[in-house]
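Everything on this sheet refers to the single structure shown next.
Every number here is computed from the coordinates shown, using simple stated rules; none is lab data. Bear in mind that the values here come from a model prediction, so they are computed numbers and not experimental data. Cβ placement follows ideal geometry from the backbone for every residue including glycine, while neighbour counts extend to all protein chains displayed.
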Amino acid sequence: MIRTLPHTIAIVLVTLASPGALAKVTFEEHVKPILREQCAGCHNQDSAASGLALDGFGATLEGGAGGEVVVPGDPDASRLWRLVNHDEEPVMPPGADKLPEKQLAVIREWIEGGLLKDAGSKPMASKRAAIAAVDPASLGKPQGEPAMPAGWFREPVLTAPAVGPIDSLAASPWAPLVATPWQRQVSLYHTATHELLGVIPYLDGAPRVVRFSRDGSLLLVAGGRDAATGSAALFDVKSGARLATVGDELDAVLAADLSADNTLVALGGPNKKVRVYRVADGEVAYTCAKHTDWITTLAFSPDGKQLATGDRASGLRLWDAAEGYERNDLRGHKGAITAIAWRRDGGLLASASEDGSVRLWNPEGKQIKSINAHGGGGLSVAFAADGRFVTAGRDRKVKVWKPDGGHLADVATMPDLALAAVFTHDGAQVIASDWTGGVRAIDIEKKETVAPLAPNPPRLAQRLAEAASLVDSSEKSLTESQAKLDETLAALEAGRARHAEHDKKVADAQLAATDAAKVAGESAKSVAQRGKGLKSASEALAKAKQAFVAAREAVNGDQVKTTDAEEAERLANALDAAREKRNAAREAVAAAKELVAADQKAAAESNKQKRDAEALLAKVVNQSAGLPDLEQLEAGVSALQTQLVKKKAKIASAQEEHDAINAEISAFTQAAERLAGEAEAARQERDHLAQEAEQAASQHATRTEASQRVTETVDRLREQIATLRQELSDLREEQKGAHSALTESQEGLEASQAAVADAQRRAQLAESLLEDLRAADAWREEHPPAD
């Protein structure tokens, strides 16, 4: 008997088998069985916890007491998904593990597919919140050139052999400038040249937070001493002068920011409160007191309307920046909030957390996207002007993300926990720091470290000694290179002479070999010709021998006996002639053999001479292997000459650097006296201008009084206009003159007041720099460097 599975279980099994392979995921066929199995015990139409029933399509769409729980097309914005995926408290099912991954995949696919009820349904229009592009016009670029340090001192308050964790960095939004804090100081570097531009003392304690103002003209530095004091200081970026100090906390400040209009400073730390101070008078404007754990991060929105704050217990809140009341409670993170950043146009808020996620929110507090950014925890998030953002985390990774939240690139793996990362003003580099205290500039496109940026720069005296040492070592190296060049040039000349001598020997040997070969050739020809002569003589001899034999046989034959005497005589004469001819042929052969032997002997001698000449030539040619390599020597000379040019340039640069540091030390040594003089001169100018302003005010008052008297007289005379018309006319002219003088007096008074204000500001800047300089000198005397 075949037994069939219950319909509901069958559907669940089919669903779990391959959710991604389904053409459509619907509520009735795929999602409802899961919700009934896992959630309907608490969320059904008869017993709807928190007003939420999940056993029917309409009830699920309706949501509960907190509103809708599903958003078509957007799982991350759907509270049901966040609860069942354990992204948000209270998790579902309560007190239990997450649903199986395949069931979660079905629910997510159903939401992404538009909340289909059944196979015949049409998907609902997606309500996924789009991430708008950044409008460059909305970034508020300041007028004129962006602020850059000018004439800052580069003498650090302290220099130590080791640096601790650097958990805050700040980059100017408009200039190639980055701030790196460390104990008792903040160093500023040029992000294009990576040159140290200056160091500002922060003797209030350890600087924990650095932030540039939205226009880049101010630098906020906040920190303090643990369990003792906490405050924030505002520095003028151009001069380095401290303009204001706000806050009087009982513990170190861990989070701080400056409002967009530079009028408010928000501070937070272990006391679980956010205090917002007015810059103008340093008084508390309001306090935000709803957090339940340490304040770890905060940021004003670029439009100045909101303040975002985060704490160690995953609390993330939005406050009204002007009045201080709470506007929203952003829930979703399950770990400490480690960083908050507003996009430059204010259209997006990003939050990083120890739960490893980075979440994107719109200004109304609605979550738009959640990204699993860093295993172990995310520690930093910051935006570029174009909407990209960079994150850093416990996995040591520094990652760059697209404006829509898509992963763009891992640009670096730091030696230890990656604590902070920010974009440079042009978005081409990321400046990142880690637990070891290392700070580096990273080229985003190449994913390479461009330069280290030491938060612990050396003292001027050390830099001077290093520069002097570099000059000395460079000059010594130059001397050595010059000596080596001279040696190489001498070797080259000697080598050329040896090559010339060798070339002459080769030429002579080649000539001798050629002559010997010519003689050997001629001897060979002579031997060949003599051989032909010998052959001809031998052939003639053979014929003569044959003729002689024939003649002899004729004489000795029977025919001779029967012939007459005359014939016998003729035959005898023929035999004699044949004998003579044979003998002559023998002599000719002997003579030819002698000539051949002589020619062969001469040929052998000439061949020997040829071989000797060829052997000598080969020997001479082989001697070239022992000659100096002229190309190598010439290349060596060229390389050494290039080195000399570079070393001379290096010496000139090192000497220039040495002289510049020497001048800087001299200026730094005289800075206190100079600043005191400038402050005194500015005070005297201020007092003088104030006196002039007072005189102008007195004169203005006198003229005002005179004008008033004339006006009163005019009024009285108007009553007597019939009889005193001419006098009234004269007084009216006098009144016009008085009004003109009064106007001129008013303009002069305003100009005097402006001059007094400018002198007052210059005096304050000089006094501020002088105060920081003296305080840093005193601190150095109290804390001398260890030997």
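Below, the figures for the structure above:
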{"read-out": "For peptides 225-232, 236-243, 640-647, sequence by mean Cβ density within 10 Å, most packed first", "value": "236-243, 225-232, 640-647"}
{"read-out": "Table column - 3J(HN,Hα) (Hz), the stretch 335-340, Karplus curve with 6.51, -1.76, 1.60, x for Gly and Pro", "value": "x, 4, 7, 9, 7, 9"}
{"read-out": "Length added when fully stretched, LYS238-LYS532, from 0.36 nm per residue minus Cα-Cα", "value": "94.7 nm"}
{"read-out": "Entries of LYS238/LYS399; LYS141/LYS290; LYS32/LYS122; LYS504/LYS619; LYS402/LYS447; LYS505/LYS610 with Cα pairs more than 25 Å apart", "value": "LYS238/LYS399; LYS141/LYS290"}
{"read-out": "GLU594 versus ALA660: modelled label distance in nm, points set 7 Å from Cα along the beta carbon direction", "value": "10.2"}
{"read-out": "Kirkwood-type radius of the stretch 566-660, with distances r between different C-alpha atoms, in Å", "value": "22.0"}
{"read-out": "Nearest-20 debye value, the stretch 164-457 charge dipole, Cβ charges on Lys, Arg, Asp, Glu", "value": "460"}
{"read-out": "Span from the the stretch 154-212 Cα centroid across to the the stretch 63-107 one, whole angstrom", "value": "44"}
{"read-out": "Potential lengthening between ARG225 and ALA48 on full extension [0.36 nm per residue; Cα-Cα distance subtracted]", "value": "58.5 nm"}
{"read-out": "Under-5 Å amide H pairs with LYS334, H placed in peptide plane, nonlocal only", "value": "ASP355"}
{"read-out": "Part-to-part distance (alpha-carbon centres) for the stretch 432-493 and the stretch 577-643, which is given in Å", "value": "64"}
{"read-out": "Sequence-distant lysines (8 or more away, or on other chains) whose Cα lies within less than 18 Å of LYS646", "value": "LYS476, LYS484"}
{"read-out": "Computed magnitude of the charge dipole of the stretch 267-367 (debye, nearest 20; Cβ of K, R +1, Cβ of D, E -1)", "value": "180"}
{"read-out": "Span from the the stretch 284-337 Cα centroid across to the the stretch 502-518 one, whole angstrom", "value": "99"}
{"read-out": "Which of LEU571, ALA516, GLN609, positive extreme of dipole for the stretch 504-636 (C-beta unit charges)", "value": "LEU571"}
{"read-out": "Computed FRET value (nearest 0.05) for GLU101 with LYS122, which takes r as the C-beta separation and R₀ as 30 Å", "value": "0.55"}
{"read-out": "Average Cα contact separation per residue, the stretch 155-221, under 8 Å, 6 or more apart, as relative contact order %", "value": "30"}
{"read-out": "Where only C-alpha atoms are counted, convex hull volume of the stretch 164-457 per residue in Å³", "value": "106"}
{"read-out": "Label-point separation in nm, ASP410 to LYS447, each point 7 Å along Cα→Cβ", "value": "0.8"}
{"read-out": "Residue-span extension gain [LYS518 to ARG498] - 0.36 nm each, minus C-alpha spacing", "value": "4.2 nm"}
{"read-out": "Set of lysines near LYS366 by C-alpha distance (under 18 Å), chain-local residues within fewer than 8 positions excluded", "value": "LYS127, LYS305, LYS334"}
{"read-out": "Mean Cβ count within 10 Å, highest first, over the residues of peptides 345-354, 300-309", "value": "345-354, 300-309"}
{"read-out": "Gyration tensor (alpha-carbon) shape descriptor, the stretch 68-131, a/c threshold 1.5", "value": "oblate"}
{"read-out": "Where only alpha carbons of the stretch 326-402 are counted, the Rg and the Dmax (Å)", "value": "11.6, 35"}
{"read-out": "Least to most buried among ILE111, ILE444 (fewest other Cβ within 10 Å first)", "value": "ILE444, ILE111"}
